[in-house]
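For reference, the structure discussed in these notes is given below.
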Amino acid sequence: MRNHFLVFILAILLLSIDTVAQQSSRHPGEIKAYDLDFNWGEGGPNAFAKPGLWADASPEEHIKWYKALGVNTIQTFAVSCNGYAWYKDGVVPEQPGLTHDFLTEMVTLGHKEGMKVMGYYCIGANTRWGMENPDYSYGYPSDMHIPFTKKYLSYLDSAIRDAVRKTGMDGFMIDWFYQPKRISTGGLWIASEKQRYLELMGKPFPGEKQLSEADYNTYSRLAIEKTWEVIHKAAKETNPNCIIWLTCYQITHPHIINSKMFKEVDWLMNEDGDLKKLDTVKTMVGKQTRLITCLADWNGKDPVVTVENAMKTGIGLYGFAKPTASSLLPPIDYYLKTPLDSLHGDAKTIATFARVYNGLPLGFLKEK
């Protein structure tokens with residue numbers, strides 16, 4: 001009887017251990033992702049990084065950092081917001097001074113470690129495109145400035161097919177997939193977008209003051225849908241297994257919610273970190289669609305709380321932060337040797353991920 005009692009007590013103890021790390025193991029195939037973000041930096045004509053910033057980044061050092069963090073998915077770049085590519089000899093000019101064939105080598109090394117390696121395209125902003133195509137862009141601010149004209153769709157089609165084919169990346173994130181803000185013209189439409197309106201709506205652009213909200217929403221949803229069709233076709237025709245990962249900082253925006261894109265996309269992420277908004281769109285996505293939440297300094301979510309709640313429901317995890325001048329951030333040991341409560345912002349997120357992704361309890365402290 002005593003032995004039976006001890007077995008019963010042991011079973012209860014085992015069932016009661018409920019750390020975040022163990023919660024993550026309940027969801028095989030979970031997404032544990034991070035991005036050292038090359039988009040933002042000094043020296044460019046806007047807030048995006050100047051062409052060539054971090055061009056000497058070492059794929060080997062980046063893989064070591066991501067491996068120590070414990071990711072199974074790396075999000076890096078095919079083309080960053082400055083409009084230059086992170087791989088060599090492509091249809092999009094490479095970052096000036098690019099030392100390594102960065103994305104291609106990241107894919108090769110990441111696959112050896114069992115990681116997926118994802119590229120990136122900013123659909124709504126591209127500094128190089130804006131500078132080189134002034135009649136097809138609302139300037140080149142670090143905000144959405146590109147209307148989805150046929151000329152731009154042709155660029156996206158060739159850029160995506162080229163990178164998927166040449167680099168072997170597992171897929172790519174698409175970002176800022178919204179209508180342009182038309183900041184440079186004070187809200188006035190440029191001729192090329194007026195032409196796009198005619199093509200999609202079957203009637204001339206009525207003028208900014210005469211454009212009804214209903215017609216603008218219809219046009220915007222059509223413009224995004226047609227652009228999505230180009231992106232989806234380019235990716236899947238080049239590699240049927242290519243993962244398309246949509247990130248939305250406004251996942252319930254009327255121009256995208258309950259769209260064809262939501263039903264067809266492989267991964268869908270709410271960048272503002274609100275898990276309740278993900279619940280809102282669960283019935284709008286396809287059977288294949290994986291849901292992800294984001295933790296980053298800008299959205300102000302507590303990483304400990306968000307990670308615990310995401311793990312309970314099988315929601316994937318992702319974060320990003322701008323690197324230092326070295327193109328990296330501090331070694332992962334720094335985050336594991338530092339108590340979570342003493343960290344803030346992106347550092348606290350990385351420290352939380354370093355524990356969760358590596359199957360460690362949140363209270364874990366590595367000896368100094």
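Structure summary
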| item | result |
| --- | --- |
| Residue match in segment 122-132 (condition: within 17 Å of the chain's Cα centre (by Cα), part of a loop (DSSP other than H, G, I, E, B), without any contact (Cβ under 8 Å) to a residue 60 or more places away in the chain and farther than 30 Å from residue 222 by Cα) | no |
| Test result for residue 211, outside any helix (DSSP H, G or I), out of contact with any helix residue (DSSP H, G or I) (no Cβ under 7 Å at 6 or more places or on another chain), among the hydrophobic types (A, V, I, L, M, F, W, C) and farther than 21 Å from residue 50 by Cα | yes |
| Strands (runs of 3 or more DSSP E) within segment 240-336 that include 1 or more residues in contact with a helix residue (DSSP H, G or I) (Cβ under 6 Å, 6 or more places away or on another chain) and under 28 Å from residue 58 (Cα atoms) | 243-248, 290-295, 316-321 |
| In segment 128-170, residue farthest from residue 79 (Cα to Cα) [restricted to those that are surrounded by fewer than 21 Cβ atoms within 10 Å (Cβ to Cβ) and among the acidic types (Asp, Glu)] | 135 |
| Residue match in segment 156-164 (condition: in contact (Cβ under 8 Å) with a residue 40 or more places away in the chain, among the hydrophobic types (A, V, I, L, M, F, W, C) and more than 30 Å from residue 107 (Cα to Cα)) | no |
| Selection count, segment 337-368, where residues are touching a residue at least 60 places away in the same chain (Cβ under 8 Å), within 16 Å of residue 319 (Cβ to Cβ) and not in a helix (DSSP H, G or I) | 2 |
| Criterion violated by residue 231 - all others in (1) part of a helix (DSSP H, G or I); (2) more than 26 Å from residue 154 (Cα to Cα); (3) touching a residue at least 12 places away in the same chain (Cβ under 8 Å); (4) not hydroxyl-bearing (Ser, Thr, Tyr) satisfied | (2) |
| Any chance residue 33 is more than 16 Å from residue 330 (Cβ to Cβ), in contact with a strand residue (DSSP E or B) (Cβ under 8 Å, 6 or more places away or on another chain) and outside any helix (DSSP H, G or I) | yes |
| Options 68, 78: the member that is of a type outside the set (Val, Ile, Thr) and closer than 24 Å to residue 241 by Cβ | 78 |
| Pair list, Cβ under 6 Å, 6 or more apart: segment 184-200 residue without any contact (Cβ under 8 Å) to a residue 24 or more places away in the chain, other residue in a helix (DSSP H, G or I) and surrounded by 13 or more Cβ atoms within 10 Å (Cβ to Cβ) | 197/219 |
| Positions within segment 59-74 being under 17 Å from the mean Cα position of the chain (by Cα) and either at pLDDT below 95 or outside any helix (DSSP H, G or I) (or both), in sequence order | 71, 72, 73, 74 |
| Yes/no for residue 161 being of a type in the set (D, E, K, R), part of a helix (DSSP H, G or I), at pLDDT 95 or above and touching an Asp or Glu at 6+ places or on another chain (Cβ under 8 Å) | yes |
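Residues checked against (1) over 19 Å from residue 175 (Cα atoms); (2) among the polar types (S, T, N, Q):
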{"position": "274", "(1), (2)": "no, no"}
{"position": "280", "(1), (2)": "yes, yes"}
{"position": "283", "(1), (2)": "yes, yes"}
{"position": "291", "(1), (2)": "no, no"}
{"position": "295", "(1), (2)": "no, no"}
{"position": "300", "(1), (2)": "yes, no"}
{"position": "304", "(1), (2)": "yes, no"}
{"position": "312", "(1), (2)": "yes, no"}
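The values are calculated or read from the model by the stated rules, or taken from the named source; none is laboratory data. Because the structure is predicted, anything quoted here is derived from the model rather than measured. Glycine gets a Cβ as well: all are built from the backbone with ideal geometry, and neighbour counts include every protein chain shown.
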